[in-house]
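Since every read-out is calculated from the coordinates, none of them should be taken as a lab result. Since the structure is predicted, the reported quantities are computational estimates derived from the model, not experimental observations. Cβ: placed from backbone, ideal geometry, glycine included. Neighbour counts: every protein chain shown.
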């Protein structure tokens with residue numbers, strides 16, 4: 001298992017522990033991670049399909065980053081604002097959801 005798989009397992013644990021609180025978002029986030037260990041992960045906050053899955057597909061908000069940069073972001077070695085301004089982090093779709101991401105992933 002690579003670092004990204006481990007990271008998304010931790011994200012899933014956090015999301016499942018806060019299911020009641022996070023279902024209010026009723027949204028699907030796709031993480032499109034490039035690089036050697038990259039791939040697509042869905043963080044699904046919709047009540048009927050809640051959870052984290054390694055797969056692609058359409059989403060309300062897509063977050064794009066390289067595997068190395070995403071790991072730095074997750075480990076708080078890089079600030080999201082800095083990554084965004086430097087082009088290392090990109091979003092598409094519902095920007096309001098993107099702005100809520102730090103609350104969701106805490």
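I'd like the full set of residues that are more than 14 Å from the chain's Cα centre (by Cα) and either loosely packed, with under 14 Cβ neighbours inside 10 Å or over 13 Å from residue 74 (Cβ atoms) (or both), limited to segment 1-15. Quick ask: steps written out before the conclusion?
To start, the set of residues in segment 1-15 that are more than 14 Å from the chain's Cα centre (by Cα) comprises 1-3.
Hits for segment 1-15 are 1, 2.
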Do you know which residues across segment 5-49 are over 15 Å from residue 106 (Cβ atoms) and touching a helix residue (DSSP H, G or I) at 6+ places or on another chain (Cβ under 6 Å)? 23, 27, 33, 35, 37, 38, 41, 47
